[in-house]
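Trainee: The following block contains the structure, expressed as structure tokens.
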Amino acid sequence: MKIKSQLNQIIKDALDSANIETKEDISVSDATKPEFGDYQFNGAMKLARTLRRNPREIASDIIKEINTTTLISKVEVAGAGFINIWIDNSWLSKELTKIIDDKRVGVGVVADKKRIVVDYSGPNMAKQMHVGHLRSTIIGDTLANLFRFLGHDVIPQNHIGDWGTQFGMLIAYLEELEEDNNRQNLQDLEQFYKDAKVRFDKSQKFKDKAREYVVKIQQGDSHCLKLWREFIDISLGHCEEVYSKLGVKLTKDDVRAESFYNPMLPKVIDTLKDRGMLVESNGAKCVFLENSNTPVIVQKSDGGYLYATTDLAGLWFRANELKVDRVSYVVDARQSEHFKQIFTIAKRANMVPDNVKLEHIAFGTMMDKSGRPFKTRDGGTVKLIDLLDEAVLRAKETIKDRDSYSDSKDLDRVAKAIGIGAVKYADLSINRESNYLFSWDKMLSFDGNTALYMQYAYARIASIFRKYNQELNGKIVISDELEHRLGLMILKFEDTLLKASEDGYPHIITSYLYDLVTLFMKFYENNPILKDNIDRDTQISRLLLSKLTANTIKKGLEILGIEVVDKI
Ligand code: ARG
């Protein structure tokens, strides 16, 4: 249910009726304390400045024009000129009853459907996938789910790094192993890279061959291309293993690798030249931007292209071939300057129309408990697969002594949902721009803002229904303060998702779920459901509120890519 826009409209109409003209942004916000009502409008204070009038007077002029019939039960002027707004209980009861069996828990589909590319994951094929790509994969997949659920047309793009000088060395080494029939080495890519590098550093002959192979791939030599494709397949296969463990929906079809854009690169240079944006500097072709001391190099003096050139081609392709309205790049915050630059260049060169929204969904670094970038005990990079396996093992440890598991298959399934859910939720629940402290204990706790807290609440509601075990027909009647707050929270789901999708902030959803579950726990403590002495209508109403809470948790977690289970 979209509540905020309805309230904003009511305020706007009231302003009109009160003959108060305004160019300001008229919007309500969530009240910060229950005694301030459900929503607050603080526009009277802003208006007071331009109108040179007393803000409380303006506020009381506005509330005189507000009808308290359906949506709103009460409005009040408070403090320096705030307007406090209460939502009506019969309205809540009616709207909640309407969505009891709604699969979308009351969330509509957007009217202005957009085509959105979400560029995420983007591992480099010449390296093992590392924790930085974990964040991109988790956040990106959530945003893709969110946009899709809201009704947008989503095109996931996995911009894998499959091009560059390192591949000469890697395929030359692959060829050697194949000659020796020794391919099992590729089980462990990390080791493969290390061994290839050792070989490269030791043997001049190998080094020359590696260099020769770089040129050959670029020239399209079929033998080298074949080896290169084989190597990419193996490397991508390792990434797919991670995706599948994570339950991430990226597939081969979503891969549009750096190499895909190679044929378009000369055109990027030509376009920039035609627009008069290209400057030669020491033989390299560059674009100079104001506010930046270092130019963006798009072609090196030896003719080679760069990461930025490929991304410019990507922008051109997405805007003109995929015809998108928005491109969301889910990439490490350390690339902020790069994206600022290529967005500016692409728009200035008319490679991307002005109305296409380009955004860098930046995220911070993953840190260990001591605040250092995440590493293994011996200082190496942590392999993603190992990390995910450990999550599931630890989840199993956390829950194995509970008596809910009839067999070990059950336990495995639940441990997987909890372990993977914990890793994802921990990542999504902080503001993505912050660095993120990785802590097993914190992410696998039953209390606090964790996946397990939400999954546990869901399982608890499922157990209420197992005990109740009867048809559930009737309606929701909101009858006290806790039910009011819980019911309103459920209806705020749509506003929350819309807000999260504006600038791509998943933590807006997790904060919401945390508030929802915390409210539910209070409600559940104070409003008994299965006791004998409760009248039938009250019982049904409370059961239905619980059911809606469970549906909302489930849908919310589903958007975050996290599974629920019926028993924990
Ligand atoms: N491969 C890049 C890296 O590991 C990420 C790619 C992000 N996407 C993009 N279009 N630049 O840093």
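The values are calculated or read from the model by the stated rules, or taken from the named source; none is laboratory data. The structure presented is a predicted model; accordingly, all values stated were derived computationally and were not measured. A quick note on method: Cβ atoms are made from the backbone with ideal geometry, for glycine too, and the neighbour counts reach across all protein chains shown. When the accessible area is computed, the model is the full protein with side chains, heavy atoms only, and any ligands, DNA or RNA have been set aside. Shrake-Rupley method; radii C 1.70, N 1.55, O 1.52, S 1.80 Å.
Trainee: For a quick check: with amide H placed at 1.01 Å from N, whose amide H comes under 5 Å from Val255's, ignoring anything fewer than 5 positions away on the same chain?
Mentor: Residues meeting the criterion, in which the H sits 1.01 Å from N, are Asn158.
Trainee: Which percent of the Cα-Cα distances in the stretch 107-153 go past 12 Å?
Mentor: Numbers: 695 of 1081 pairs.
For the stretch 107-153, the fraction of Cα-Cα distances above 12 Å is 64 percent.
Trainee: Taking the dipole about the Cα centre of the chain, with the C-beta of Lys and Arg at +1 and of Asp and Glu at -1, give me whichever of Phe465, Trp316, Pro528 is farthest to the positive side.
Mentor: Trp316
Trainee: Would you calculate the separation in nanometres between label points at Arg199 and Asp274, each defined as 7 Å from the Cα along the Cα-to-beta-carbon direction?
Mentor: For the pair Arg199/Asp274, the computed spacing is 4.5 nm.
Trainee: Could you provide, to the nearest whole Å², the per residue accessible area of the stretch 223-293 with probe 1.4 Å?
Mentor: About 53 Å² of surface per residue is accessible.
Trainee: Sticking with this one: How much accessible surface does His159 have with a 1.4 Å probe, in Å² rounded to 10?
Mentor: That residue has around 10 Å² of solvent-accessible surface.
Trainee: Something else: Could you tell me which of rounded, prolate or oblate describes the stretch 43-118, using a ≥ b ≥ c as the square roots of the eigenvalues of the alpha-carbon gyration tensor, with rounded for a/c under 1.5 and, failing that, prolate when a/b is larger than b/c and oblate otherwise? Don't skip to the end; give the middle numbers.
Mentor: Values: a/c = 3.83, a/b = 1.58, b/c = 2.42.
Cα axes put the stretch 43-118 in the oblate bin.
Trainee: What does the charge add up to near Ala459, with Lys and Arg as +1, Asp and Glu as -1, over the other residues with Cβ less than 9 Å from its Cβ? Working shown, then result.
Mentor: Numbers: positive: Arg460, Lys567; negative: Asp566.
Taking every Cβ under 9 Å from that of Ala459, the sum is +1.
Trainee: A further question on this structure: So for the stretch 393-497, averaging the separation of alpha carbon pairs under 8 Å that are six or more residues apart and normalising by length, what relative contact order in percent results?
Mentor: This gives 18 percent for the stretch 393-497.
Trainee: List the pairs from Lys103/Lys396; Lys409/Lys499; Lys197/Lys249; Lys194/Lys285; Lys98/Lys555 whose alpha-carbon separation is above 29 Å, in the order I gave them.
Mentor: Lys103/Lys396; Lys409/Lys499; Lys197/Lys249; Lys194/Lys285
Trainee: Loop-only trypsin sites (Lys or Arg not before Pro) in the stretch 252-284, please: DSSP not H, G, I, E or B, and at most 14 other Cβ atoms within 10 Å.
Mentor: Passing both the DSSP loop test and the Cβ count: Arg275.
Trainee: Right, here's the next one. Accessible area of Arg148, 1.4 Å probe, to the nearest 10 Å²?
Mentor: Surface open to solvent at Arg148 totals about 100 Å².
Trainee: Would you kindly derive the ³J(HN,Hα) couplings of the stretch 551-563 from the backbone phi angles with the Karplus curve 6.51 cos²θ - 1.76 cosθ + 1.60 (θ = phi - 60°), listing them in order in whole Hz, with x for Gly and Pro?
Mentor: Taking θ as phi minus 60°, the curve returns 4, 5, 4, 4, 5, x, 5, 4, 5, 7, x, 10, 8 Hz for the stretch 551-563.
Trainee: On to the next question. Step through the table entries Lys127/Lys209; Lys226/Lys252; Lys127/Lys273; Lys492/Lys522, compare each Cα-Cα distance with 23 Å, and write down the pairs that go over it.
Mentor: Violating the 23 Å Cα-Cα cut-off are Lys127/Lys273.
Trainee: With charges only on Cβ, +1 for K and R and -1 for D and E, what is the dipole size of the chain about its Cα centre, in debye, rounded to 20?
Mentor: On the way: 81 positive and 83 negative charges, 79 e Å.
Dipole about the Cα centre, nearest 20: 380 debye.
Trainee: How much accessible area per residue does the stretch 28-84 have, counting only protein heavy atoms and a probe of 1.4 Å, in square angstrom?
Mentor: Per residue, the stretch 28-84 has an accessible area of 54 Å².
Trainee: Give me a comma-separated list of calculated 3J(HN,Hα) values for the stretch 294-299, in order, Karplus coefficients 6.51, -1.76, 1.60 applied at θ = phi - 60°, integers in Hz, x for any Gly or Pro.
Mentor: Couplings: 8, x, 8, 7, 10, 8 Hz.
Trainee: Further question on the same structure: Using only the alpha carbons of the chain, determine the length spanned along each of the three principal axes and report them from longest to shortest in whole angstroms.
Mentor: 85, 67, 40
Trainee: OK, next. Rank these residues by their accessible area, most exposed first, probe 1.4 Å: Lys194, Lys114.
Mentor: From most accessible down to least: Lys194, Lys114.
Trainee: Also, I was wondering about something else. What are the ³J(HN,Hα) couplings of the stretch 508-520, residue after residue, when phi is run through the Karplus curve with 6.51, -1.76, 1.60 and θ = phi - 60°? Round to Hz, x for glycine and proline.
Mentor: 5, 6, 5, 4, 4, 4, 4, 4, 4, 5, 4, 5, 4
Trainee: To the nearest 10 degrees, how steep is helix 481-491 against the longest Cα principal axis of the chain, on a 0 to 90 scale?
Mentor: Between the helix axis and the principal axis of the chain, the angle is about 40 degrees.
Trainee: Relative contact order for the stretch 1-132: what is it in percent, counting Cα pairs under 8 Å that are at least 6 residues apart?
Mentor: Computed value for the stretch 1-132: 20 percent relative contact order.
Trainee: For the stretch 351-509, rounded, prolate or oblate, judged on the Cα gyration tensor with a ≥ b ≥ c (square roots of eigenvalues), a/c < 1.5 rounded, else prolate if a/b > b/c?
Mentor: The shape class here is oblate.
Trainee: Which whole number of Å³ per residue matches the convex hull of the alpha-carbon atoms in the stretch 450-568?
Mentor: Per-residue hull volume (Cα only) is 100 Å³.
Trainee: In whole percent, what relative contact order does the chain give with Cα contacts below 8 Å and a gap of six or more residues?
Mentor: 15
Trainee: State the three equivalent ellipsoid semi-axes of the stretch 93-222, derived from the C-alpha gyration tensor as the square roots of 5 times its eigenvalues, in descending order and whole Å.
Mentor: Output for the stretch 93-222: semi-axes of 49, 16, 11 Å.
Trainee: May I ask you to give the percent of accessible area on the chain that is carbon plus sulfur, with a probe radius of 1.4 Å?
Mentor: With neighbouring chains kept in place, the figure for the chain is 47 percent.
Trainee: Separate question: Considering amide H positions built from the backbone, and no H for Pro or chain starts, which residues 5 or more places from Lys357, or on another chain, come under 5 Å of its amide H?
Mentor: Amide H neighbours of Lys357, under 5 Å, 5+ apart: Arg326, Val327.
Trainee: Near the amide H of Ser73, under 5 Å away, which other amide H atoms are found, from residues 5 or more places off or on another chain, if H is placed in the peptide plane?
Mentor: For Ser73, the qualifying residues are Trp86, Ile87, Asp88.
Trainee: Here's something else I'd like to know. Suppose the chain between Asn320 and Leu71 were pulled fully straight at 0.36 nm per residue; how much longer would it get relative to their current alpha carbon spacing?
Mentor: Length difference between fully extended and current span is 85.2 nm.
Trainee: Express in whole angstrom the spacing between the alpha-carbon centres of the stretch 160-231 and the stretch 1-36.
Mentor: 63
Trainee: Oh, and also: Based on the alpha-carbon gyration tensor of the stretch 192-348 and its eigenvalue square roots a ≥ b ≥ c, which shape applies: rounded if a/c is under 1.5, prolate if not and a/b is larger than b/c, or oblate?
Mentor: On the way: a/c = 1.89, a/b = 1.25, b/c = 1.51.
It comes out oblate by the Cα gyration axes.
Trainee: Taking the Cβ of Met129 as the center, what net charge do the other residues with Cβ under 11 Å away carry, scoring Lys and Arg +1 and Asp and Glu -1?
Mentor: Result for the neighbourhood of Met129: -1.
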